[in-house]
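Asker: The structure that follows is given in the form of structure tokens.
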Amino acid sequence: MSTFSLDLNEDQIQIQKWVHDFAESVVRPAGHEWDEREETPWPIIEEAAKVGLYSFDFITQCFFDESGLLLPIANEELAWGDAGIALAILGSTLGLAGIAANGTPEQLLEWGPQCFGTPEKIQMAAFCVSEPDAGSDVSSLKTRAVYDQAKDEWVLNGTKTWITNGGIADLHVVVASVDPELGARGQASFIVPPGTKGLSMGQKFKKMGIRASHTAEVVLDEVRVPGSCLLGGKEKLDAKLAAVREGKKSSSQAAMATFEASRPSVGAQALGIARAAYEYALDYAKERRAFGRAIIENQGIAFKLADMKTRIDASRLLVWRAAWMGRNSKPFEAGEGSMSKLFAGETAVWVTEQAIQIMGGYGYVREYPVERWHRDSKIYTIFEGTSEIQRLIIARAVSGVHVP
Ligand SMILES: Cc1cc2nc3c(=O)[nH]c(=O)nc-3n(C[C@H](O)[C@H](O)[C@H](O)COP(=O)(O)OP(=O)(O)OC[C@H]3O[C@@H](n4cnc5c(N)ncnc54)[C@H](O)[C@@H]3O)c2cc1C
């Protein structure tokens, strides 16, 4: 177990700088263009793959960092460059997290590298949980997985919605119901390998923010996958279902296990946006003059900046704590993973709005990046569990009461 420390080691500092340099020189300058185009920024992903940032090896290195801090650090720096492009680069990591949380080590080794491919042949992954009638309420997923024993295949049918990289990914990790009567405890995760028949992209969504990140429906029509694509394996699933039917408590819920692991990283992305907006607003407030003085000389502006910085640093402390706890198998007894995502997400929305206010009219126009950062920030109170759902998780954890 690693002891918690706010002092980054040499390796972590070097990687932080490496990701920051990429974010500053490649990601930030491209942010406006890809936001306007609302397309996947393939040239930037290729660039990231070329330098090794978009790769299974790099993400694995982050996952295995003993302190757990490397993943949020990389997420923060990339999102500091631009959140839409950061998500285009990091979206595959959620698919990988789905495999890591529910799969066997052999499945992780087989499918993990395929979430990213190689610089010569880039691949993508998607994690498909949400459905038109089941977003927060993951227990009511309608997508069904039925086992065809004669062929040792699973047959998947249903529609997923709001899926990052949905339909353009090579590999889709799909959470489906195996036994609908058991709700979330009757669900399992499946790999849908590249080129599988029956999986198609539905509509692509036009969004308020993170517009360089592809979000679409995924339609599953009689999708057949080999038995080996059930994450965790059939024996484990059968044992879990039998235990749940007998009324024993099961700790394993396919979608929740993934989100618990990824929340601090998502919080770190929100933190990156907030930091970008704060730095921009701080510089601006020192330069911009009104009534014969720099606007920062007004307490009304200076105090805003003080609050922005305070909330950003508090967000990072929550994110780092949760990341360290997750990596060191410390249970989130007070919903610490949710706290990190809740606070960082709401901070990003608030900080980016303050940044617009500090910049006045210049903050509101597309010539400057701050309005984009505000649009981008809003998703962090919605996906991977809305702010309300994070509060629900924390409230239940601290009270022991099943707040409905
Ligand atoms: C850009 C984008 C990318 C996404 N990427 C993915 C992805 O890759 N994979 C994936 O599976 N999903 C993804 N999602 C889906 C996302 O996780 C869901 O949108 C989110 O979980 C909320 O679900 P919902 O939209 O159905 O809202 P609902 O669940 O319908 O919620 C609506 C409102 O009601 C509130 N609410 C609901 N239940 C309660 C309650 N019990 N108590 C208090 N308030 C409640 C919610 O907080 C929210 O404010 C993405 C969404 C977007 C917009």
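The values are calculated or read from the model by the stated rules, or taken from the named source; none is laboratory data. Owing to the predicted nature of the structure, the values given are computational and were not obtained by experimental measurement. Heads up, the Cβs are rebuilt from the backbone with ideal geometry, glycines too, and the neighbour counts pull from every protein chain shown. Remember, those area values only see protein heavy atoms, side chains included, never the ligands or the DNA or RNA. Shrake-Rupley method; radii C 1.70, N 1.55, O 1.52, S 1.80 Å.
Asker: Express in nm, to one decimal, how much length is gained between residue 149 and residue 37 on full extension, taking 0.36 nm for each residue of separation and deducting their alpha carbon distance.
Answerer: Numbers: separation 112, 0.36 × 112 = 40.32 nm, distance 4.66 nm.
My answer for the length gained is 35.7 nm.
Asker: Here is a further query. Which lysines, if any, have their Cα less than 21 Å from the Cα of residue 206, not counting same-chain residues under 8 positions apart?
Answerer: 160, 378
Asker: Related question: Whole number please: convex hull volume per residue, Cα atoms of the stretch 308-368, in Å³.
Answerer: About 78 Å³ per residue, rounded to a whole number.
Asker: Turning to a different aspect of this structure: Convex hull over the Cα atoms of the chain, averaged projected area in nm²?
Answerer: In nm², the orientation-averaged hull projection of the chain is 20.4.
Asker: Also, quick follow-up: Using only the alpha carbons, work out the radius of gyration and Dmax of the stretch 141-229 in angstrom.
Answerer: 13.6, 47
Asker: Additional query: Rank these residues by their accessible area, most exposed first, probe 1.4 Å: 201, 256, 308.
Answerer: Details: 201 85, 256 55, 308 0 Å².
Listed by decreasing accessible area, they come as 201, 256, 308.
Asker: Here is a follow-up. As a test of understanding, state the convex hull volume per residue of the stretch 87-134 from its alpha carbons, in Å³.
Answerer: Hull volume normalised by residue count: 84 Å³.
Asker: Let me ask another. Give me log10 I(q)/I(0) at q = 0.18, 0.27 Å⁻¹ for the stretch 18-87, Debye formula, one equal scatterer per alpha-carbon, no solvent.
Answerer: Relative scattering, expressed as log10 I(q)/I(0), comes to -0.65, -1.26.
Asker: Assuming R0 = 60 Å, can you tell me the calculated FRET efficiency for the pair residue 121 and residue 302, based on Cβ-Cβ distance, to the nearest 0.05?
Answerer: Computed FRET efficiency for residue 121 and residue 302 comes out at 0.70.
Asker: Per 0.36 nm of contour for each residue apart, how much would the distance between residue 395 and residue 333 grow if the chain were fully extended, relative to their Cα-Cα spacing?
Answerer: Numbers: separation 62, 0.36 × 62 = 22.32 nm, distance 1.08 nm.
Result for the pair: 21.2 nm of gain on full extension.
Asker: Let me ask another. Which of rounded, prolate or oblate describes the stretch 268-376 when judged by the alpha-carbon gyration tensor and an a/c cut-off of 1.5?
Answerer: It is prolate, given that a/c is not under 1.5 and a/b is the larger ratio.
Asker: Which residues in the stretch 50-78 have a backbone N closer than 16 Å to a point placed 7 Å from the Cα of residue 24 along the Cα-to-Cβ line?
Answerer: Flagged as within label range: 74, 76-78.
Asker: Now for a different question. Net charge near residue 94: determine it from the other residues with C-beta under 14 Å of the C-beta of residue 94, scoring Lys and Arg +1 and Asp and Glu -1.
Answerer: In short, +1.
Asker: Can you list the residues, at least 5 places off or on another chain, whose amide H is less than 5 Å from the amide H of residue 131, using H built in the peptide plane?
Answerer: Amide H neighbours of residue 131, under 5 Å, 5+ apart: 161.
Asker: Please compute the modelled spin-label separation between residue 2 and residue 197, points set 7 Å along Cα→Cβ, answer in nm with one decimal.
Answerer: Here the modelled spin labels are 4.7 nm apart.
Asker: Okay, next question. Report the calculated FRET efficiency for residue 60 and residue 10 (r = Cβ-Cβ distance, R0 = 25 Å), to the nearest 0.05.
Answerer: Calculated transfer efficiency: 0.80.
Asker: If you scale each eigenvalue of the Cα gyration tensor by 5 and take the root, what three semi-axes come out for the stretch 147-197, rounded to whole angstrom and sorted largest first? Don't jump to the answer; show the numbers that get you there.
Answerer: Values: eigenvalues 83, 53, 12 Å².
Its equivalent ellipsoid spans semi-axes of 20, 16, 8 Å.
Asker: Right, something else. Can you send over the solvent-accessible area of residue 185, 1.4 Å probe, protein chains only, in Å² to the nearest 10?
Answerer: Accessible area of residue 185: about 70 Å².
Asker: What is the mean projected area of the alpha carbon convex hull for the stretch 291-334, to one decimal in square nanometres?
Answerer: 3.9
Asker: Normalised by the number of residues in the chain, what is the relative contact order in percent for Cα pairs under 8 Å and 6+ residues apart?
Answerer: 17
Asker: Can you tell me the dipole magnitude for the stretch 158-214 around its Cα centre, using point charges on the Cβ only (Lys, Arg +1; Asp, Glu -1), in Debye to the nearest 20?
Answerer: 380
Asker: Over 17 Å apart: what share of the alpha carbon pairs of the stretch 57-192 falls there, rounded to a whole percent?
Answerer: Tail fraction, whole percent: 64.
Asker: Radius of gyration and Dmax for the stretch 52-118's Cα atoms, expressed in Å?
Answerer: Looking at the stretch 52-118, its Cα Rg and Dmax stand at 11.8, 35 Å.
Asker: Suppose the chain between residue 208 and residue 317 were pulled fully straight at 0.36 nm per residue; how much longer would it get relative to their current alpha carbon spacing?
Answerer: That pair, residue 208 and residue 317, stretches by 36.4 nm at full extension.
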